[in-house]
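First up is the structure itself, then whatever we jot down about it.
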Amino acid sequence: MLNDVDVLEKYVRNEIGTSPDTWPGGWPGQVDAALLDAVFSVRARYGSRARGTGVYGAVTRWQKERKVCNDLTYLATYDPSALRKITNDGKISGRYKAEVVIEAAGALSAIGAVRSNDFEHRMAEARSAYLSVKGCGPVTWAYLRMLLGLEDVKADVWVRHFVARAIGSELSAAEVSQLVKSVAARMNVSATDLDHAIWRHQRSLKSLV
């Protein structure tokens, strides 16, 4: 009898193929940009790289302001209203995303996760610090890791819908993440690349409805 990994692997091969494209995103070496992207992406359009709109626009405007985006101690002390003017007035959990970013930067800095290369050596502490901030959850933590260049799966609504359609039942974000990672390992591909391929495929189907 086929298990969920078998079923999802077959579905991925049929719907996406065996060689997902490399994920084009991420901000390796730019922890400020990665943190902004992770938080501001929640329930928001990513936007156009060409026009500088949406989440992408918010991040790139900060990059222009900051020049070097790899020191969370600076972001942790930034004025929330000033950051909102640079980024946008988006909210999450009843709070401005700019405030959430600044608090998360402070929590991460406090445990020594200040620059991108600090995370690999303080992963457990960094995860706890990030999740301690209202508005920061496990899904965006996984996305933050991806944005920093670490392999992970962002089990957002698009990816969860794809998996549910494949196996015929709804799973938690954690279960979906582990299942996609297992399939990626079976196929000998990057979990991050497979996540993005699933996300892009599912999103394209929704746009046709």
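The values are calculated or read from the model by the stated rules, or taken from the named source; none is laboratory data. Since this is a predicted model, take the numbers as computed values, not measurements. Cβ atoms come from the backbone with ideal geometry, glycine included; neighbour counts cover every protein chain shown.
When segment 166-197 is examined, which residues are found to be assigned to a loop (DSSP other than H, G, I, E, B), among the hydrophobic types (A, V, I, L, M, F, W, C) and over 20 Å from Pro24 (Cα atoms)? Spell out the reasoning first.
If we filter segment 166-197 for residues that are assigned to a loop (DSSP other than H, G, I, E, B), which is where we start, we get 168-172, 188-190.
If we keep only those that are among the hydrophobic types (A, V, I, L, M, F, W, C) as well, we get 171, 189.
The one that is assigned to a loop (DSSP other than H, G, I, E, B), among the hydrophobic types (A, V, I, L, M, F, W, C) and over 20 Å from Pro24 (Cα atoms): Leu171.
On the stretch given as segment 77-95, residues that are within 18 Å of the chain's Cα centre (by Cα) and buried (at least 16 other Cβ atoms within 10 Å of the Cβ) total 3.
I need the full set of residues from segment 149-165 which are of a type in the set (A, V, I, L, M) and either in contact with a strand residue (DSSP E or B) (Cβ under 7 Å, 6 or more places away or on another chain) or in a helix (DSSP H, G or I) (or both), in order please.
Within segment 149-165, the subset of a type in the set (A, V, I, L, M) is 150, 153, 155, 157, 159, 163-164.
Selection gives Val157, Val159, Val163, Ala164.
A quick yes/no check of all residues on (1) of a type in the set (A, V, I, L, M); (2) over 15 Å from the mean Cα position of the chain (by Cα):
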{"residue": "Val31", "(1), (2)": "yes, no"}
{"residue": "Leu36", "(1), (2)": "yes, no"}
{"residue": "Arg43", "(1), (2)": "no, no"}
{"residue": "Ala98", "(1), (2)": "yes, yes"}
{"residue": "Ile111", "(1), (2)": "yes, yes"}
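Does Gly149 satisfy the criteria of being on the phi > 0 side of the Ramachandran plot and surrounded by fewer than 20 Cβ atoms within 10 Å (Cβ to Cβ)?
yes
Looking only at residues of segment 52-69 that are in contact with a Gly (Cβ under 7 Å, 6 or more places away or on another chain) and crowded, with 20+ Cβ neighbours inside 10 Å, we find that the one that is farthest from Gly135 (Cα to Cα) is Tyr56.
Take the conditions in contact with a Ser or Thr (Cβ under 6 Å, 6 or more places away or on another chain) and assigned by TED's automatic domain parsing to the domain that holds Arg127 and apply them to Ala58. Does it pass? Criteria met by Ala58.
Residue by residue, here is whether (1) modelled with pLDDT of 90 or more; (2) aliphatic (A, V, I, L, M) holds:
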position	(1), (2)
Met1	no, yes
Tyr11	yes, no
Gly29	yes, no
Phe40	yes, no
Arg45	no, no
Arg51	no, no
Asp71	yes, no
Ile102	yes, yes
Ala105	yes, yes
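Would you please name the residue that is surrounded by the fewest Cβ atoms within 10 Å (Cβ to Cβ), looking only at residues in segment 198-209 that are within 19 Å of Gly25 (Cβ to Cβ) and in contact (Cβ under 8 Å) with a residue 24 or more places away in the chain? Residue satisfying both the conditions and the ranking: Arg203. Within the option set Ala44, Ala98, being crowded, with 18+ Cβ neighbours inside 10 Å and not assigned by TED's automatic domain parsing to the domain that holds Trp158 holds for one residue only, Ala98.
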